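The values are calculated or read from the model by the stated rules, or taken from the named source; none is laboratory data. Predicted model, so just to flag it, every value in this text is computed and none were measured. Note that each Cβ is placed from the backbone with ideal geometry, even for glycine, and that neighbours are counted across all protein chains shown. All accessible areas refer to the heavy atoms of the entire protein, side chains included, with ligands and DNA or RNA removed. Shrake-Rupley method; radii C 1.70, N 1.55, O 1.52, S 1.80 Å.
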Amino acid sequence: MRELGVRNGFGVEATDDPAVFDDSRLARFHAVVFNNTAAAPEGDGGLHERGRAALQQYVRAGGGWVGLHDASDGAGDWDWYRGLVGAALDRSAPVQAGRVEVLDRAHPSTVALPDLWERTEDWLSWRTGPSATVHTLARIRVRDGITGLDEGVDHPWSWCQDYDGGRSWFTAGGHAPSAFHEEYFLAHLLGGIEWAAGARPGDCTATRAGSSSGPGSRPVAPAIPSTWRWPPTAGCSSPGAPVNSRSSTSGRRGSPRLSTWRTAPGRPPARTG
């Protein structure tokens, strides 16, 4: 994650300490990444009550949230967080090869991806499909016959949404460390971070099943992640500007910053499925 920031012009601060979640610290960041961790109950290494309140206030004030894979697990006692993620994990299928079908050919997190993206993954199933409430960017191609996933059931794999005043982007990828060495996955992740941070535009409300630039068309996309452009592209709200009751002297003005949180070794969030 730090290397991604170095290559694309934004700072990254990583931590495994949930105690850092307070209003003043979160206000410094354009986006917060939950890297394979979730807001599980405090006893499971998750957020305490104050941290939950701070995350909620951060999002309501226009902040961006990014979740990877296990960010969909845990926090079964917190309805607001499940809404932020967009879905709750039911179970995972055995690691195996499959394909991800890109539905939105215009969003910055999917514009560089092939229409059918072959991957070896720990494939996830949801308790309730999120398609009715989020903008699906990509889905699992179930017809390929992935063991452990029900045929005919919609399986969104990545999505985004405007949520409670802020922006939420989720991908079911990123479970294996090797994913962070894949060019396509890094382009996917970078685009999600940039959208969540307000640095690049992306329509997450136009349709429920993805969008494109036209029938049979696809925007020209770079083969590698593009450089972070700051200030944001026209049409995006600037995360550096004051929002709600935030002061214009917030640390989010100026150089873009990213916070990433992952549960410390030995303190994994409890599996709910």
How much FRET efficiency would the formula 1/(1 + (r/R0)^6) give for Thr120 and Arg2, where r is the Cβ-Cβ distance and R0 is 30 Å, rounded to 0.05? 0.75
Count charges around Arg119 for me, please; just the other residues with Cβ under 9 Å from its Cβ, Lys/Arg as +1, Asp/Glu as -1. -2
Tell me, what ³J(HN,Hα) does each residue in the stretch 90-102 have, in order and in whole Hz, if you take phi through Karplus 6.51 cos²θ - 1.76 cosθ + 1.60 with θ = phi - 60° and put x for Gly and Pro? 9, 6, 10, 8, x, 4, 6, 6, x, 10, 9, 9, 7
Amide H contacts under 5 Å for Asp90, placed H, 5+ residues apart: Ser125, Trp126, Arg127
For Ser178, put the label point 7 Å out on the Cα→Cβ axis and report which residues of the stretch 85-101 keep their amide N under 13 Å from it. 95-98
Where in the stretch 88-121 does the amide nitrogen come within less than 13 Å of the point 7 Å from the Cα of Asp144, taken along Cα to Cβ? 95-102, 114-121
The stretch 9-135 accessible area per residue, 1.4 Å probe, protein heavy atoms, integer Å², reads 34
Under the Karplus relation with 6.51, -1.76 and 1.60 and θ = phi - 60°, whole-Hz ³J(HN,Hα) for the stretch 128-136, x at Gly and Pro, equal 9, x, x, 4, 6, 10, 10, 9, 6
